[in-house]
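A short worksheet on the structure shown next.
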Amino acid sequence: MNMKVAVIGPHDLVDAVLHIGSFFSELSMLPAPYRHERETLEIIENIRDQADILLFTGPIPYQIALAASPGKPMIHVFYSGTALYKVLFDCYRQHVLSFDERLPISVDVLQRNEVEEPLREIGLPIDDIFIKTYASGMGHEEFVAFHYDLWRAGKVTVTVTCVTSVYHRLVELGVPAFRVIPTQSAIRDALNCALLEGKSLRYSSTQIAVGIMNIDNFEQVAKEAASEYDIQRKKIILQQILIDFGEETQSLIKWSDSDEVSFITTRGIIEQVTRKFQDAPLLLEVMERLQWNASIGIGMGRTANEAEGKAREALLKAKTGGGGNCFLIMQDGMVYGPMGSELKLEYSARSENPELISLAKKVGLSVGTINKLISLCRRLGTSRITAAQLAEGFGITLRSARRIMAALEKYEIASIVGEEQPAGRGRPRQIYSLNLEGVDYE
C-alpha cells in the first residue's frame, strides 16, 4: 500500500511537486493548495486524516504547522541559493539588472551563505545584497515591509522573495519583484525524504504497544463509595469506555481480577490517538466520567513481553507523586510524560555519555533523573529553578525535590542564587542555578 503524501502550498508549487511525485511509484500524492499561508492550518485540518505524511512546498507553512503539532510526520522543500540562478537570469534578461559592479537586491528566507556562496562562484558582487533570513514566527507582513522599505529608500532596485503571498503584495505595491521557485532537485530530495519517512513509519508502526491502566487507591475508593451498586455502575461505565477505546484503536483488551486493565495494539495507532505522544485521551475520559483517579503506563517493544516491561516502568512513573498521570516509554528508553500535561517532558532513561554517567554516579542520582532535570529546564526555558518547580515537573513531593536539589548543591552542580516569596504565607523559596556544562536550556 502506497504512502499518502499531502502536498501543501501555493497552486503552482503544488503542481510542480505532483508532477515530480508522479515518478515515485510508492507515493500517492494528495494536492492541498492554498491561496495564502494563513490558510495552512485549515488545509491541514481538512486533509490530515487522509494523509500519512505532510509535505510543504516551503519553510513558512511548515513552521506554522509545526507550532500546531498536527501529529503527522512533516517535511518541507528546502530553498537553496542554487534557485537564485534562474531569478538572476530573469532579472538580466528583462534588463532589470546589469552586469556591473553592483547587485542592489533584497532577498528573504534564505540563509546568508546560501545567497553569497553561489554568487561568488559565478563572480557576482555581494556587497549591496540585503538578506532577511527566515526565523520562526516571522510572517508575510514582516517580509513585505523589509523589501518595500529598502526599495522606497533606493537601496535596492530588485526584490527577491521565496514567499508567494509576499511576491503578489510587492507586485501590487509596484515594487520590482521576482519569486524564487524551488529547483526540481530540491523537490526530488523532499520526496525522497518522504519516501524514507514512510518506510520508517511502516517499521515503527508495527512495533507492539502495551498499555496498563490502574485505578489509584482503588480499595480506598471502594470504601468511600456510597454503595456497592455505585461501584458496579462505574465499573460498567469503565468497561464501556475501554470497549469503545479498543474498537477505535483495534486493541486487545485484557481484564484482570485486580484494579488493573491492559491493552495491546501497535505503536502506529498509539502515535495517532495521542497526537505523537502529546495527549492522553483515555486517561482524561476515565477521570472525567468516573471521577476516579487513574494512572496509565504505555510501553513499546518488538515483543509483547518487552513492551509490557516498558509499560510497567511507565506505570510506576505515572503513579509517582499520587498518580493521575500517563507516561510512555519507548523501546530505546525514551520517556514521554506526563502526557496531556503542560509540563510534559521528553527524556531518555539511558545515556552513553561518559560525562553524564560520571556526574550521575557522583551525585547519587540516576542518569534518567539527570536527563529529566535537563528536559524540565528546557521546558521552562531557564537553568534557574526552585524545588517547588522541580516537584511539580517531576510529580514528586516537595521533600523529595529538596533532597535532589541538596545533592546537586553539595557537588556544586546547583548553587543558590536568590529567593522568591510564594503567594500567601510561607517561607521564601530558594532559587537554584544549575551548572550542567554543554546543555542549552533555551
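The values are calculated or read from the model by the stated rules, or taken from the named source; none is laboratory data. Note that this is a predicted model, so its numbers are computed, not measured. Counting neighbours? That spans all protein chains shown, and the Cβs are built from the backbone with ideal geometry, glycine included.
Tabulated results
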{"quantity": "Answer residue from region 30-55, given it is out of contact with any helix residue (DSSP H, G or I) (no Cβ under 7 Å at 6 or more places or on another chain) and among the acidic types (Asp, Glu) and is nearest to Leu195 (Cα to Cα) among those", "calculated": "Asp49"}
{"quantity": "Selected residue (criterion: farthest from Ala67 (Cα to Cα)) from residues of region 94-143 that are of a type in the set (S, T, N, Q) and touching a Leu at 6+ places or on another chain (Cβ under 9 Å)", "calculated": "Ser106"}
{"quantity": "Counted residues, region 117-136 - those being out of contact with any helix residue (DSSP H, G or I) (no Cβ under 7 Å at 6 or more places or on another chain), surrounded by 14 or more Cβ atoms within 10 Å (Cβ to Cβ) and either under 16 Å from Phe89 (Cα atoms) or at pLDDT below 85 (or both)", "calculated": "3"}
{"quantity": "Test for Ala190: is it in contact with a strand residue (DSSP E or B) (Cβ under 7 Å, 6 or more places away or on another chain), surrounded by 21 or more Cβ atoms within 10 Å (Cβ to Cβ) and more than 19 Å from Leu88 (Cα to Cα)", "calculated": "yes"}
{"quantity": "Qualifying residue in region 86-109 (condition: small (Gly, Ala, Ser) and assigned to a loop (DSSP other than H, G, I, E, B))", "calculated": "yes"}
{"quantity": "Helices (runs of 4 or more DSSP H) wholly inside region 343-427 containing at least 3 residues that are closer than 22 Å to Phe277 by Cα and either not small (Gly, Ala, Ser) or not assigned by TED's automatic domain parsing to the domain that holds Gln278 (or both)", "calculated": "367-380, 387-394"}
{"quantity": "Considering residues of region 193-220 that are surrounded by 16 or more Cβ atoms within 10 Å (Cβ to Cβ) and of a type in the set (Gly, Ala, Ser) only, the residue farthest from His19 (Cα to Cα)", "calculated": "Gly211"}
{"quantity": "Given (1) farther than 25 Å from Gln331 by Cβ; (2) out of contact with any Ser or Thr (no Cβ under 7 Å at 6 or more places or on another chain), index of the condition Gly198 fails", "calculated": "(1)"}
{"quantity": "Selected residue (criterion: surrounded by the most Cβ atoms within 10 Å (Cβ to Cβ)) from residues of region 361-399 that are among the basic types (Lys, Arg) and more than 18 Å from Lys410 (Cβ to Cβ)", "calculated": "Lys372"}
